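Take a look at the structure below.
The values are calculated or read from the model by the stated rules, or taken from the named source; none is laboratory data. Computed from a predicted structure; not experimentally measured. Counting neighbours? That spans all protein chains shown, and the Cβs are built from the backbone with ideal geometry, glycine included.
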C-alpha cells in the first residue's frame, strides 16, 4: 500500500499484537472451541479467545554449557529443571564412564552423541521456558553453531519446529524457539532497569546476596 502511495495508519504495529490489544489480552487468555491433538501440540480452528486470570505452573529449564575456549569443543551441558513435575538435574558430558556411575551425569563418546541424546531427553522433559545467563548469545548460539558444524539440527523446539537465532546491533542476539519461551538473565535485568558494576554472573549474584543479607537483619 505504501508503494502505491496509499495512506496507512499504525502500520508499524504487529498484526498479532494488534489482535491481542483489541481483545484486551495482555497476559493469559482462555481459548474455547474444538481442539485437535497433533503430536505434542493442541490446535484450535477459529476458537473464541478471551482474557483470563490464572497462574500456570510452568516447567522451567536452566541451561549452562562448558566449552573449550581455544578448541571450540563442547564439553558438557548441565540442565536444572523445576516446575509442575518436580525438580530434576542432569549433566551430559563427554568422557569415559567411571566404574561407579551417577544418575546425575551421563557420559558420551563425542559431541554428536552428546547432542543427540540431550535433544531426546530435552523433548521428553518438554520445558515451557528456557533460562540462563547469556543463554541466547552464548549457550544456545554455541550449540546452534556446533550443530551446523556437525550437520544436525538444534532440536529443542516443540512439534519439530524451528529455532532461529539472529543478531541486531547493538542490542545483541534474539532467538525464536517454536513452542517455548527463552529468557536471558542479563537482558531481563536490564529491561527491569537494574544496574550493576558489570553483568557478570558472580557480580550480580553477590549484589543480590548482599541485599538479601541487608534486608534480613
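What are the pairs, 6+ residues apart or on separate chains, where a residue within the stretch 64-75 that is without any contact (Cβ under 8 Å) to a residue 24 or more places away in the chain and on the phi < 0 side of the Ramachandran plot has its Cβ under 9 Å from a residue that is part of a strand (DSSP E or B) and loosely packed, with under 15 Cβ neighbours inside 10 Å?
As it stands, the answer is 75/66, since those pairs meet every condition given.
Would you point out which residue out of 94, 63, 105 is in contact with a strand residue (DSSP E or B) (Cβ under 7 Å, 6 or more places away or on another chain), modelled with pLDDT of 90 or more and under 24 Å from residue 183 (Cβ atoms)? Steps first, please.
On the way: 94 fails: under 24 Å from residue 183 (Cβ atoms); 105 fails: under 24 Å from residue 183 (Cβ atoms).
The conditions single out 63.
Name, by its number, the condition in (1) in a helix (DSSP H, G or I); (2) touching a residue at least 12 places away in the same chain (Cβ under 8 Å) that does not hold for residue 18.
Result: residue 18 fails condition (2) only.
Condition first: over 25 Å from residue 156 (Cβ atoms) and modelled with pLDDT under 85. Now tell me which residues in the stretch 18-43 satisfy that.
Selection gives 26 alone.
Taking residue 106, is it outside any loop (DSSP other than H, G, I, E, B), without any contact (Cβ under 8 Å) to a residue 24 or more places away in the chain and surrounded by 13 or more Cβ atoms within 10 Å (Cβ to Cβ)?
Working: outside any loop (DSSP other than H, G, I, E, B): yes; without any contact (Cβ under 8 Å) to a residue 24 or more places away in the chain: yes; surrounded by 13 or more Cβ atoms within 10 Å (Cβ to Cβ): yes.
Here the answer is yes, as residue 106 does meet what is asked.
For the stretch 178-198, does any single residue satisfy the condition of being under 18 Å from residue 75 (Cβ atoms) and surrounded by 19 or more Cβ atoms within 10 Å (Cβ to Cβ)?
So far as the stretch 178-198 goes, no, none of its residues is under 18 Å from residue 75 (Cβ atoms) and surrounded by 19 or more Cβ atoms within 10 Å (Cβ to Cβ).
Of these, 142, 119, which one is under 15 Å from residue 182 (Cβ atoms), over 13 Å from the mean Cα position of the chain (by Cα) and in a helix (DSSP H, G or I)?
Values: 119 fails: under 15 Å from residue 182 (Cβ atoms).
After ruling out the rest, the residue left standing is 142.
From the list 46, 57, 72, 5, pick out the single residue that is surrounded by 10 or more Cβ atoms within 10 Å (Cβ to Cβ), outside any helix (DSSP H, G or I) and more than 22 Å from the chain's Cα centre (by Cα). Please lay out each step first, then the result.
Working: 46 fails: surrounded by 10 or more Cβ atoms within 10 Å (Cβ to Cβ); 57 fails: more than 22 Å from the chain's Cα centre (by Cα); 5 fails: surrounded by 10 or more Cβ atoms within 10 Å (Cβ to Cβ).
Within the list 46, 57, 72, 5, the selection yields 72.
If the requirement is being exposed (fewer than 13 other Cβ atoms within 10 Å of the Cβ) and closer than 28 Å to residue 37 by Cβ, which of these qualifies: 209, 158, 166, 162? So that I can check it myself, show each step before the final result.
Working: 209 fails: closer than 28 Å to residue 37 by Cβ; 158 fails: exposed (fewer than 13 other Cβ atoms within 10 Å of the Cβ); 166 fails: closer than 28 Å to residue 37 by Cβ.
So the residue among 209, 158, 166, 162 that is exposed (fewer than 13 other Cβ atoms within 10 Å of the Cβ) and closer than 28 Å to residue 37 by Cβ is 162.
Please indicate, with yes or no, whether at least one residue in the stretch 156-169 is in contact with a helix residue (DSSP H, G or I) (Cβ under 6 Å, 6 or more places away or on another chain) and either touching a residue at least 24 places away in the same chain (Cβ under 8 Å) or not assigned by TED's automatic domain parsing to the domain that holds residue 76 (or both).
From the stretch 156-169, those in contact with a helix residue (DSSP H, G or I) (Cβ under 6 Å, 6 or more places away or on another chain) are 156, 165; that's our starting set.
Adding the requirement that they be either touching a residue at least 24 places away in the same chain (Cβ under 8 Å) or not assigned by TED's automatic domain parsing to the domain that holds residue 76 (or both) leaves 156, 165.
Scanning the stretch 156-169, I find at least one residue that is in contact with a helix residue (DSSP H, G or I) (Cβ under 6 Å, 6 or more places away or on another chain) and either touching a residue at least 24 places away in the same chain (Cβ under 8 Å) or not assigned by TED's automatic domain parsing to the domain that holds residue 76 (or both), so the answer is yes.
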